[in-house]
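Written below as structure tokens is the structure these notes are about.
The values are calculated or read from the model by the stated rules, or taken from the named source; none is laboratory data. The structure presented is a predicted model; accordingly, all values stated were derived computationally and were not measured. Backbone-built Cβ (ideal geometry, glycine too); neighbour counts: all protein chains shown. Surface accessibility is based on the protein's heavy atoms, side chains included, excluding ligands, DNA and RNA. Shrake-Rupley method; radii C 1.70, N 1.55, O 1.52, S 1.80 Å.
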Amino acid sequence: DPDQRRELRERLIATNKPQKAELTFVSRDGKTGCALVSADLIEIAREQCVLSLLHDITDRKRAEQFAF
């Protein structure tokens, strides 16, 4: 979701600290999912970049919906 990515990037820039978020995504086959994202600002060759790690939690979120 572009809005979620923008919000995460803005939080990274504003705080200059690593951020965690739960974001939605669309896979290559068009399915929507949910991911835990950890992101931090790093510098490579004097250029500011975002280093991010995504963990797909789609199955867990679906299971939580049906938990008793």
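Please report, as a whole percent, how much of the solvent-accessible surface of the chain comes from carbon and sulfur atoms (probe radius 1.4 Å). Answer for the chain is 52 percent, counting heavy atoms of protein chains only. The overall shape of the chain is prolate: from the C-alpha gyration tensor, with semi-axes ordered a ≥ b ≥ c, the ratio a/c is 1.5 or greater and a/b exceeds b/c.
Could you pull out every one of the aspartates and glutamates with an alpha carbon less than 13 Å from that of residue 61, ignoring same-chain neighbours closer than 8 positions? In chain and number order, the partners are 22. A cut-off under 14 angstrom between Cβ atoms defines the neighbours of residue 18, and their net charge, with Lys, Arg +1 and Asp, Glu -1, is +3. Accessible surface calculations at 1.4 Å, restricted to protein heavy atoms, place segment 8-64 at 79 Å² per residue.
Calculated FRET efficiency, residue 15 to residue 65, Cβ-Cβ distance, R0 = 35 Å: about 0.65 to the nearest 0.05.
Once the trypsin sites (Lys or Arg not before Pro) in DSSP loops with at most 10 neighbouring Cβ atoms within 10 Å are cut out of the chain, the longest remaining piece is 1-27.
For segment 35-41, putting each phi into the Karplus relation 6.51 cos²θ - 1.76 cosθ + 1.60 with θ = phi - 60° gives couplings of 9, 8, 10, 10, 9, 8, 8 Hz, in residue order, rounded to whole numbers and with x for Gly and Pro.
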